[in-house]
Amino acid sequence: MAITLNPVSPVAFSLFGLDVRWYALAYVAGFVVGYWLFKRLMCANNSTIKLTRKQLDDLLTWVVFGVILGGRLGYVLFYDLGYFFSHPLEIFAVWHGGMSFHGGLFGVIASVFMFSHIQKLNAWKILDIMSVVAPIGLFFGRIANFINREVMGRPTDAPWAVVFNGDTPIPRHPSPLYEAATEGVLLFVIMYCLYRYTNLRRYPGALGGIMGMGYAVFRMFCELFRAPDAQIGFLTSWGLTMGQLLSGIMFFAGLLIFVFAIRKK
């Protein structure tokens, strides 16, 4: 028997007539907690890079822009290019939803490399610490997806299937919660332990490569329970989704980065 839930409004609260949405709060929480943890890891004795307070604040600004611009452009290019080609102004309407993790990841990598070039820092060392922090943002984002009833799962008769009052009566996998648990909690535990208890941080890029591979594996697994995007559907007759395709590419990219980092002297 499915679990029946009452929908939660996507608007968390209103302030001076402005609606503040759960999705926006998820981004804010991810950046705030991520900033705090990044600073903690960087200040530890075993850290391989040190940034000044101003550099850390500037890095946060670069990352915020990288996440938003990369995530939005990734969604436009990978998930609904035809629609946005016909409605170009909708590209800027981020409050209507539509962000791609893979695009956001590319945006963050690009922004970190630009920041590091300006500051004459090692970008891979920064990305290694960020690979520990990133799952925190993923966790909050997937919780917001569940609240908004976005990217829900495929129909199922599992006892933990969910049905929202007022929506379709078909029980579905709570796939955003699967992703919050794997891409968020489990991936964070793995990355934190690797950073804290191994010497992989001594190989710039190694942890970043592992994070890419780990996310790819968890995302491809969770896509087995997640309904494909309505505007795309399955890419093949045997059920390949766009998320799995992009994650497969991401896995091999992470593998190459890891191998290069380990072998580089």
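The values are calculated or read from the model by the stated rules, or taken from the named source; none is laboratory data. These figures come from a predicted structure and were not determined experimentally. Ideal geometry is used to build each Cβ from the backbone, glycine not excepted, and the neighbour counts take in all protein chains shown.
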Next item on the list: Give the number of residues within region 236-257 that are within 27 Å of residue 210 (Cβ to Cβ) and either among the charged types (D, E, K, R) or not in a helix (DSSP H, G or I) (or both).
Entry: 2
Next item on the list: Determine, yes or no, whether residue 180 is modelled with pLDDT of 95 or more, in a helix (DSSP H, G or I), out of contact with any Ser or Thr (no Cβ under 8 Å at 6 or more places or on another chain) and under 20 Å from residue 27 (Cβ atoms).
Entry: yes
Checklist line | Options 98, 137: the member that is under 21 Å from residue 207 (Cβ atoms) and either buried (at least 20 other Cβ atoms within 10 Å of the Cβ) or in contact with a Phe, Trp or Tyr (Cβ under 9 Å, 6 or more places away or on another chain) (or both) | finding: 137
Next item on the list: Only residues in region 186-201 that are crowded, with 16+ Cβ neighbours inside 10 Å count as the first member; pair them with residues that are hydroxyl-bearing (Ser, Thr, Tyr), Cβ under 7 angstrom, at least 6 apart or cross-chain, and list the lot.
Entry: 187/215; 191/131; 201/48; 201/195
Next item on the list: Tell me which of these residue 163 doesn't satisfy, since it passes every other one: (1) surrounded by 15 or more Cβ atoms within 10 Å (Cβ to Cβ); (2) part of a helix (DSSP H, G or I).
Entry: (2)
Next item on the list: Please tell me if residue 129 is farther than 30 Å from residue 229 by Cα, crowded, with 17+ Cβ neighbours inside 10 Å and either aliphatic (A, V, I, L, M) or out of contact with any strand residue (DSSP E or B) (no Cβ under 9 Å at 6 or more places or on another chain) (or both).
Entry: yes
Note to self: On the basis of being closer than 21 Å to residue 75 by Cβ and either in a helix (DSSP H, G or I) or at pLDDT below 95 (or both), does residue 195 make the cut?
What the structure shows: no
